[in-house]
Amino acid sequence: MAYETLVRRYADLAIRTAVVVGAAPDEAEDAAQDAFVKAYAALARFRPGAAFRPWLLRIVANEARNRRRSAGRRTSLALRAAEDRPSGDAAPSPEQAVLDHERRLVLTDALAALRDEDRQVIGARYLLDLSEAESALLLGIPRGTVKSRLSRALGRLRVVLAEAER
Amino acid sequence: MTADRRLSALDDEALGAELRGIADRLVMPSGAGLPERVTARIVAGERPRTDAWRHALARRPVRLAVLAAILALLLLAAVVTGGRLGLPGLEISVGGPTPSAAATPAGVALDLGGPVDEATAASVIGRPLPRSSDPTLGPPDAILLDRRVGAGQVAMVWGAAGGRPSPDPTGTSLVLTMFRAAGSDQLELKAVDGQVEDVVAGGPAIFIRDPHEIFIFGPGVEPSPIAVRLVGANVIAWRANGITYRLEGALTRAEAIRLATSFREG
């Protein structure tokens, strides 16, 4: 089935989107799966000429938001416990690797402490690496709003980080 | 003097780089087997659930309960008053005729450009527009021109009618697009699952089943897509006289070959 190839291409990104939007990791796969089925059913309404990726990701994001609201809880992003450490001269010392990991934990916790609106715009731009235009489609807001919302969200992230770093 | 490396002291660019640094280290479900599970659900004919009400109820139970009570009262009043009721500036009728399909001009919803006359379209592709010998395909319901594609892409659109393939939700039964490749312009049909086949006698052609993406590249040493279309219908594509033709519709392979070979320059 040709559609399976599209699913294969976007599966990882769809799951990442669901997690970034706030679905629990054990629900993110289900949210992505439902989104792909819904996208298939809606293909006829897909506007030819439009970009497929942000259209799909918006369906994923809606699924993830609905699931999170139903669950009545918000989930936190979690870092992998084991760090992939490069070998060779560029490899950080064990002490530096631990410090780097702790730094990332502080950042992840601060991100999780933000309100949804802030976390989602930061997630779209930096964790999913979407363009401003794609982020706008994903979040359902004008492109100009992405820039202003991102600026405010980074400001609030700094406030949370400052508390953690005191 | 040591630079302040505290995260809270970073500017937007540096903080963004730190955030990108955690992207690949987040715990993510593997997604193994997801494509196969999606396919199985689609093949089984599963219709997606409409969860909006369930989710909405979970969100705002009290507000929705009030709305439901108001709606129930309005419906009760409608029954009492014989199917019609009114509020200032608002009338609700219970029952009534089913709305007809959207009466938009053929092809407009496909984003294939604007309508043009046949002479203009023929001048763009440099050839007369093709005619089908199939009795169900008379003159197209619309001729559209999309100037975003190379030197211009012409689309002939047929709406629903007896004997034609089943229309899509926009009321479109068949679309025949054509454009003249020039310079480094090229059309790449993103064939998937090995479903590229030579099918039309007298020239190479390919038939693709199921949804697929089409990338249209602009000129340049490193071509980048200038348009990506997702096509839900089956497609047969072929080239003749320097023109690339694509016929889209709910067509079986045999029907696609028969219709593709029915076209001759008019």
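Just one of B:198, B:193 is modelled with pLDDT under 75 and farther than 26 Å from residue A:55 by Cα; which is it?
B:198
Mind listing just one residue for me: the one in the stretch B:153-167 that is of a type outside the set (Lys, Arg) and surrounded by fewer than 21 Cβ atoms within 10 Å (Cβ to Cβ) and, of those, modelled with the lowest pLDDT? Write out each step before concluding.
If we filter the stretch B:153-167 for residues that are of a type outside the set (Lys, Arg), which is where we start, we get B:153-163, B:165-167.
From the residues that got through so far, the ones that are surrounded by fewer than 21 Cβ atoms within 10 Å (Cβ to Cβ) too are B:159-163, B:166-167.
Details: B:159: 88, B:160: 87, B:161: 87, B:162: 87, B:163: 88, B:166: 85, B:167: 81.
Out of the qualifying residues, it is B:167.
Being more than 8 Å from chain B (Cβ to nearest Cβ) and of a type in the set (Lys, Arg) is true for just one of A:158, A:115, A:125. Which residue is that?
Testing whether each residue is more than 8 Å from chain B (Cβ to nearest Cβ) and of a type in the set (Lys, Arg) leaves just A:115.
Would you pick out the residues in the stretch B:26-42 that are facing chain A (nearest Cβ under 7 Å) and either buried (at least 17 other Cβ atoms within 10 Å of the Cβ) or in a helix (DSSP H, G or I) (or both)?
The answer is B:26, B:28, B:29, B:31, B:34, B:35, B:37, B:38, B:39, B:41, B:42.
Being modelled with pLDDT under 70 and more than 8 Å from chain B (Cβ to nearest Cβ) narrows it down to one of A:97, A:82, A:24, so name that one.
A:82
Residue A:156 is checked against (1) over 19 Å from residue A:54 (Cβ atoms); (2) within 15 Å of the chain's Cα centre (by Cα) and fails just one. What number does that condition carry?
Going through the list (1) over 19 Å from residue A:54 (Cβ atoms); (2) within 15 Å of the chain's Cα centre (by Cα), residue A:156 breaks only (2).
Does the stretch A:101-109 contain any residue that is under 14 Å from residue B:16 (Cβ atoms) and surrounded by 21 or more Cβ atoms within 10 Å (Cβ to Cβ)?
yes
Going through the stretch A:1-20 one residue at a time, which ones are more than 18 Å from the chain's Cα centre (by Cα) and touching a residue at least 60 places away in the same chain (Cβ under 8 Å)?
none
The values are calculated or read from the model by the stated rules, or taken from the named source; none is laboratory data. Here the structure is a predicted model, which means the values were calculated and not measured. Note that we place each Cβ from the backbone using ideal geometry, even for glycine, and neighbour counts take in every protein chain shown.
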